[in-house]
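The values are calculated or read from the model by the stated rules, or taken from the named source; none is laboratory data. Keep in mind it's a predicted model, so treat the numbers as computed, not measured. Here Cβ is always computed from backbone atoms with ideal geometry, including for glycine, and neighbour counts include all displayed protein chains. Just so you know, the surface numbers come from the protein's heavy atoms only, side chains and all, with ligands and any DNA or RNA stripped out. Shrake-Rupley method; radii C 1.70, N 1.55, O 1.52, S 1.80 Å.
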Amino acid sequence: MSSERINEIVILSGKGGTGKTSIAAAFSVLAGEEAVIADCDVDAANMHLLLKPDFAGSLDFFSGELAVLNQDVCIRCGKCADVCRFNAIPFIENQYTISPLDCEGCGYCEKVCPSFAIVMKERKSGKVYTSTIKTGGIMVHARLDIAAENSGKLVAKVKKDAKDLAKAGNKEYIIVDGSPGIGCPVVSSLSGANYVVLVTEPTMSGLHDLIRVYEVIKRFRIKAGCIINKSDVNEAQSREIKEFLLAEQIDHLADIPYDSAFSSAMIEGKTVVEIQSPRKAQVEEIWKQIKIITNKNNTI
Amino acid sequence: MKIAFTAAGTTWESMIDPRFGRTEFFIVYNDETQEVSVVDNSAVKNEAHGAGTATAQKIFEIKPDVLITGNGPGENAATALKQLNMKIFVNAHNMTIKEAYENYKNGKLQSL
Amino acid sequence: MINNPPLKIGIASGKGGTGKTLLSTNLAAYLSLTQPTLLVDLDVEEPDDFLFVRGTTQSITDQYKMIPVWDEKACTLCGICSKTCKYHAVIQLGSIILVFKELCHSCYACSELCPAGALPMQKHKMGEIKTITSGNLTFIESRLNIGEEQAVPLIHQTHERVEKTHGDIPLQIFDCPPGTSCPVVASTRNVDFVVLVTEPTPFGLNDLRLAVETMKEIHKPVGVVINRYGIGNSDVEMYCREAGIPVLAKIRYDRRIAELYSNGQLVYDKIEDMQTSLDNIIKAIQNVVRKN
Ligand code: SF4
Ligand code: SF4
Ligand code: SF4
Ligand code: SF4
């Protein structure tokens, strides 16, 4: 296989709490040095708790813009505050000040300021890390600053770094823990993927979220498979999910019953395949299946 | 006829960039003059949002007759591309530009 | 009671799926047995409290944001608009100006800087607010249309609306979006107290820490509810003790809760400990808020 043809596998769930990250981390351990891991669930990054990255390389990350006002040249005319639709330029103690929490970075104030007192600066929103994890594999991950927002840009950056490292190291897989929701970061998590693994739960909102996120996947024509986690909590809902999978030709990868093994492993800082339980063999089996499916897709 | 590829590199052997909005380069091939040119789109890296529409504006300046890409444009970019009289072919990811071109010639790519 | 200002409680969590919906809906339904209560679902991108509230729909109102609309005849194709917009929500393709409604942040820059006045701002529907009543419970659902990226303006509008039309309801519960970014900040800005829901696991602890830091940033008093108590370890409790954050209640892991929840059913009237937990939560909050 040419080193450039890397299988990029994205684990997605639509909404949090379905066990997506636990499963993605288990795959990462199974793949070991064959894969580079990309944690794109930056809003609530948790994968590091199980994979133990060393945070060896780090780089500040900038996303969007922020208005910065230079009081020395400001003539206090108030034009900026007049045009700002986000009330981000309050008049406090006799001067106009930018409130970073409110500024949307639209740049309007900069355009109207008569004395060029405002410039738009890139907004620091967090850090991107390149680490070696406990298996010896490589992981790219990020940490957002407080109240900073994930963006398509950040996700694209994490994935791009992972891809470069995968190419350089001749790796076969990139395993991506995808972003929640259906917005811009999800689109960015998905684009370029070879296969999507959906992790869902048999609840009313689980199916609803699954349908919504699958709309996005379909639009990008990416093959998908689905794991129904905690499948035994509601058999009727599980059946409904399976009907949906069949209708949409989504591979039904597995039903995983509720098992405290996931949280027991987590407490030891491990993934479910690193402790003894029936889940170990099951998750190993799922990963094997995913490898077969993606390798077949990739060689046509 | 001008054919544009979303590309992860700048040569004929580069891989297709499956992404439209965040593609790093466009490789543009004119099959009448056999000229190849490269358009750098890497500035789009700096866009937190709206990468798709920014790139659509770029492709408008190139004005190709055919666009060959991987996943296909997102919703907003697709709306913008409708304004161009351009055929779009997708599913060319995991191919080099050369392979994508051959597959296109042989009618093996899926059109949008 | 009548003359007191209402008690506003935000329910939030560092990430989705920890039991925020479970707590919001059960707390609201339970409290409404004895007094008028308001429940507001501010998780506008994926509201799901409605699955648990059955009542009569009183009203549905469209919510709008302002977007520029291109006036082809007036436009001189100068290109200023597309260079102005930081979000690429307005682009120029030759002799056409295209506006992408969902990407627009309604900053008015392109519209007001257009030299030809060719981009007047107009209303565009971005979502709706639904009011449902069920006995003493008033339920408001705020829902963003699919594809819209701007949750914050709708959250602000919902808060305004609540203040205007339901400001007199003594108990108000706001189910906030998950996470630690702008939508949560917007949702919790004018509440008196924030309940953070978490799980007793390393993931739960990590998410809780981030949520606590965010709330510190906006100076909100917080308390923690540990859901699925018993499945993990005691690190969350230890953290709370060290950080001086009150643990308001521990909701024991119970398979029946998961089953009822998965079917869209409330649990407070079916699981014995639940009412005690809910009582403890509300009492603890009232104490903190009264002290402040
Ligand atoms: S950049 Fe826009 S949002 Fe920020 S202060 Fe200036 S006008 Fe306000
Ligand atoms: S517009 Fe410029 S000069 Fe006027 S108050 Fe604002 S920053 Fe100061
Ligand atoms: S700024 Fe106004 S006149 Fe200029 S291109 Fe845009 S719409 Fe047309
Ligand atoms: S109002 Fe602002 S965000 Fe909307 S299109 Fe115009 S410049 Fe862009």
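From the residues in the stretch A:93-111 that are hydrophobic (A, V, I, L, M, F, W, C) and within 13 Å of ligand 4 (Cβ to nearest atom), which one is farthest from the other protein chains (Cβ to nearest Cβ)?
A:Cys109
Working carefully through the options B:Ala56, B:Ala43, find the one that is out of contact with any His (no Cβ under 8 Å at 6 or more places or on another chain), closer than 22 Å to C:Val99 by Cα and loosely packed, with under 14 Cβ neighbours inside 10 Å. Full working, then the answer.
Details: B:Ala56 fails: loosely packed, with under 14 Cβ neighbours inside 10 Å.
Exactly one residue qualifies, and that residue is B:Ala43.
Which condition does C:His124 not pass, out of (1) within 16 Å of ligand 4 (Cβ to nearest atom); (2) within 13 Å of chain A (Cβ to nearest Cβ), if it passes all the others?
(2)
I'd like the residue in the stretch C:241-271 that is touching a residue at least 60 places away in the same chain (Cβ under 8 Å) and closer than 30 Å to C:Glu213 by Cβ and, out of all such residues, is nearest to the other protein chains (Cβ to nearest Cβ).
Restricting to residues being touching a residue at least 60 places away in the same chain (Cβ under 8 Å) and closer than 30 Å to C:Glu213 by Cβ, the top hit is C:Tyr261.
Only one of (1) away from chain C (no Cβ under 12 Å); (2) open to solvent by less than 40 Å² (accessible area, probe 1.4 Å); (3) part of a loop (DSSP other than H, G, I, E, B) is not met by A:Ala147, so which one is it?
Failing condition for A:Ala147: (1).
Sort out which residues of the stretch A:193-205 are open to solvent by 10 Å² or more (accessible area, probe 1.4 Å) and either more than 10 Å from every other protein chain (Cβ to nearest Cβ) or touching a residue at least 60 places away in the same chain (Cβ under 8 Å) (or both), and write them in order of number.
Step one: list which residues in the stretch A:193-205 are open to solvent by 10 Å² or more (accessible area, probe 1.4 Å), which gives A:194, A:201, A:203-205.
If the condition is that a residue be open to solvent by 10 Å² or more (accessible area, probe 1.4 Å) and either more than 10 Å from every other protein chain (Cβ to nearest Cβ) or touching a residue at least 60 places away in the same chain (Cβ under 8 Å) (or both), then A:Asn194, A:Glu201, A:Ser205 are the ones that fit.
Checking C:Leu113 against (1) open to solvent by 20 Å² or more (accessible area, probe 1.4 Å); (2) more than 16 Å from ligand 2 (Cβ to nearest atom): exactly one of these is not met. Which one?
Answer for C:Leu113: the failing condition is (2).
Checking the condition assigned by TED's automatic domain parsing to the domain that holds C:Gln265 and on the phi < 0 side of the Ramachandran plot, which residue from C:Ser32, C:Ser95 passes?
C:Ser32
Which residue out of C:Thr56, C:Thr25 is assigned by TED's automatic domain parsing to the domain that holds C:Val195, surrounded by 21 or more Cβ atoms within 10 Å (Cβ to Cβ) and in contact (Cβ under 8 Å) with a residue 40 or more places away in the chain?
C:Thr25
With the requirement that a residue be within 14 Å of chain A (Cβ to nearest Cβ), part of a helix (DSSP H, G or I) and under 13 Å from the mean Cα position of the chain (by Cα), what does the stretch B:55-80 give you?
B:Thr55, B:Ala77, B:Ala78
So, in the stretch C:92-118, of the ones that are within 14 Å of chain A (Cβ to nearest Cβ), more than 7 Å from ligand 4 (Cβ to nearest atom) and assigned to a loop (DSSP other than H, G, I, E, B), which residue ends up farthest from C:Leu144 (Cα to Cα)?
Filtering first and then ranking leaves C:Pro115.
Answer with yes or no whether A:Glu110 is over 27 Å from C:Gly179 (Cα atoms) and not small (Gly, Ala, Ser).
Values: over 27 Å from C:Gly179 (Cα atoms): yes; not small (Gly, Ala, Ser): yes.
In short, yes.
Among the residues of the stretch C:75-94, which ones are within 6 Å of ligand 3 (Cβ to nearest atom), open to solvent by less than 30 Å² (accessible area, probe 1.4 Å) and either farther than 15 Å from C:Glu112 by Cβ or basic (Lys, Arg) (or both)?
C:Gly79
Could you tell me which numbered condition A:Ser28 fails, if it satisfies all but one of (1) open to solvent by 40 Å² or more (accessible area, probe 1.4 Å); (2) at pLDDT 95 or above; (3) not aromatic (Phe, Trp, Tyr)?
(1)
Would you call C:Ala89 within 14 Å of chain B (Cβ to nearest Cβ) and over 26 Å from B:Leu81 (Cβ atoms)?
So C:Ala89 fails the test.
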